[in-house]
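Rule-based calculations on the coordinates, nothing more; no lab input. Not measured: the values here are computed from a predicted model. Using ideal geometry, Cβ is built from the backbone for each residue, glycine included, and neighbour counts are taken over all protein chains shown.
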């Protein structure tokens, strides 16, 4: 842990003057240290997470997964590490859609048959239990959308993932050229 004031960058030293009389070797070392970029986007490679079986079994969840993957891919923010969050997002979206369909079908209140102390049955209306599921899913979906950077406010905070660097595929000519160069024949 460093104490005191933060050391000046090489650019600041060049602007203000070298008051500490750092040697050129020290300045070069500081510049090399500054040039090392350690932002999370640099060491989180982009990639597509694998859709788990629990999502594949539910058509609504598959649709939600694909929609979220498309959004993240368009932003350049999709990584293989997004799989667990996308899984919860997709399953929660499917649960939300089923609960919403239940409320549309049965209404906000449902008739429930109860038994009083005397053992007599009576009917009463109570709020549809799907309303609680909808409320919980809405909160969870919004929280996951924020985490994944899918809301307008959070777009600016998402850094693009580092694109995969394709490995060069050797072809016959490149191998032959390398061999000829090595032998001094080319």
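Brief remarks on what is shown
- Computing FRET efficiency as 1/(1 + (r/R0)^6) for residue 56 and residue 101, where r is the C-beta to C-beta distance and R0 is 30 Å, gives about 0.90.
- Potential extension, residue 178-residue 19 segment - 0.36 nm per residue separation minus Cα distance: 52.1 nm
- A straight chain from residue 71 to residue 126 at 0.36 nm per residue would run longer than the Cα-Cα distance by 15.9 nm.
- Inter-site label distance for residue 109 and residue 29 at 7 Å from Cα along Cβ, in nm: 7.8
- Bins of 10 Å, starting at 0 and running to the largest distance - Cα pair percent for the range 42-148: 14, 35, 23, 14, 9, 4, 1, 0
- Relative exposure of 98, 56, judged by other C-beta atoms within 10 Å (fewest first): 56, 98
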